[in-house]
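The values are calculated or read from the model by the stated rules, or taken from the named source; none is laboratory data. Just so we're clear, the structure is a prediction, and the values are computed from it rather than from any experiment. Cβ sites come from the backbone with ideal geometry, for glycine too, and all protein chains shown count toward neighbours.
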Amino acid sequence: MKIYYINFGCKVNSYELEAIKQKAESIGHSEATDISSADAVIINSCTVTSQASRKCKNAAKSARLHNSNCCIALIGCFPQAFKEKARELKYVDVVLGSKDKLSVFKLIDQFMMSKQRQIEVRSFNSNDRFENMSINKSRSKTRAELKIEDGCDMYCSYCIIPYARGHIRSKSIDDIKAEARALASSGHKEIVLTGINLCCYGKDLDGLSLSDAVRAVNETYGIERIRLSSLEPELITDTEIVKLKSCEKLCGHFHLSLQSGCDKTLKAMNRKYTSAQYALLVDKLRSCFENAAITTDVMVGFPGETDEDFEKSLEFVKKIGFSAVHVFPYSKRDGTAAAKSSEQVSAQVKKNRAQIMRDTAKQLNIKFLKAQIGTVQKVIFEREEDPEYHCGHTDNYTKVKVLRKKPENKLHKKCFYVRIVDVKEDCCFGEIIDKALSDQQKK
């Protein structure tokens, strides 16, 4: 069977689709290069915003228009959170929730044999265990995601994800070690640990925490870097910071989800920290990790956010001095507490605030990049897509370009020390010094 894949959403979804692809390959299926030639189309959905849900539904409808005979499977977060809405999509043949995604092949086979729609959206329970899902390669990428956690029990007032992903579940340390070894054997130099609420790793495993997962990968031969995906600030303790610091392969790049720099808005969001607590955490991380990059997400136009509230959030973002900020306007999400608020902010106000915040984020990013000039950074180079430059990233996730001396030279997956000499737009430019440069020489 030839399968065409469509993915929406976060790093966890990307990881899971890769696991699905590798499972398909292991049982004899191949990947279709276009929808028209496919026997089946698997759409791995996202529902974090109403727009994300619309994109998933439109993708399914478009697939049916391009191929009237294939089996269309809509799986993941959208069906899990909105089962009845997914069931109503008559052009979808298989509807599967977030639970046991690898069973999609069984459901496709059942549809192929019976021509009867297959709908399987099972509820999550508190005693659910982590789905046994893994990958052994990440298609030609230098870095590879490794999912170690699923689920969230925080219930922020704007977020549908706890309903789409269920309770916290964690991958065992032994499984993490095995997967990290497989990825290293495939040539990957960098591992990105990812999860729905990464800081909750180990809460369902006696005595374990995120630092234990990091340490497991840190001990893997062949892996040179470990990176963490998005982190919830209130869950990072002083003890955990010390343990993370002891893992020498961990990058000084922390994506701490802020959402708002206004305490009133944070409380309305049901976030579990204040702006002062957030700022203190940033100070601790910067004191432990030299030249650390702190990146974040900021929401504008949350219900009840006044002009004064927005200004407080904007000033806080400036105060922290993030290296990068993902800015997005609040999106009303059915099924959440915030969607019921009578204090919805107009679309135009949200648009204006988002532009102001993005302009500020751009200025902060340029300031951070310029601060890298003159420093020497360890760069792992990535896929050769630019004919003029080798491109890679530093430990703190600064994008670096180095001029190609010979067009045929390939640096993909190689590591060099680079001196940063210039900044243009969103990128640093540098010169390779020496792959074997010691830390003492670098200083």
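Scanning segment 172-204 for residues that are part of a loop (DSSP other than H, G, I, E, B) and surrounded by fewer than 23 Cβ atoms within 10 Å (Cβ to Cβ), which turns out nearest to the chain's Cα centre (by Cα)?
Of everything passing the filter in segment 172-204, 197 is nearest to the chain's Cα centre (by Cα).
Restricting attention to segment 295-335, the residues that are crowded, with 19+ Cβ neighbours inside 10 Å and either in a loop (DSSP other than H, G, I, E, B) or in contact with a His (Cβ under 8 Å, 6 or more places away or on another chain) (or both) add up to 11.
Residue by residue through segment 138-166, note down the ones that are assigned to a loop (DSSP other than H, G, I, E, B) and either free of Cβ contacts under 8 Å to residues at least 60 places away in the same chain or surrounded by fewer than 20 Cβ atoms within 10 Å (Cβ to Cβ) (or both). Spell out the reasoning first.
We begin by selecting, within segment 138-166, every residue assigned to a loop (DSSP other than H, G, I, E, B); these are 138-142, 151-160, 166.
Scanning segment 138-166 gives 139, 140, 141, 151, 152, 153, 154, 155, 157.
Of the residues 169, 129, which is buried (at least 17 other Cβ atoms within 10 Å of the Cβ), touching a residue at least 40 places away in the same chain (Cβ under 8 Å), at negative phi and not β-branched (Val, Ile, Thr)?
On the way: 129 fails: buried (at least 17 other Cβ atoms within 10 Å of the Cβ).
The conditions single out 169.
Looking at 251, 288, 262, 247, which one is on the phi < 0 side of the Ramachandran plot and touching a residue at least 60 places away in the same chain (Cβ under 8 Å)?
Details: 288 fails: touching a residue at least 60 places away in the same chain (Cβ under 8 Å); 262 fails: touching a residue at least 60 places away in the same chain (Cβ under 8 Å); 247 fails: touching a residue at least 60 places away in the same chain (Cβ under 8 Å).
Exactly one residue qualifies, and that residue is 251.
So which residues in segment 407-425 are of a type outside the set (A, V, I, L, M, F, W, C), under 26 Å from residue 139 (Cα atoms) and modelled with pLDDT of 90 or more? 417, the sole residue that qualifies. When residues in segment 266-285 are screened for being under 20 Å from residue 324 (Cα atoms), crowded, with 18+ Cβ neighbours inside 10 Å and touching a residue at least 40 places away in the same chain (Cβ under 8 Å), 4 of them pass.
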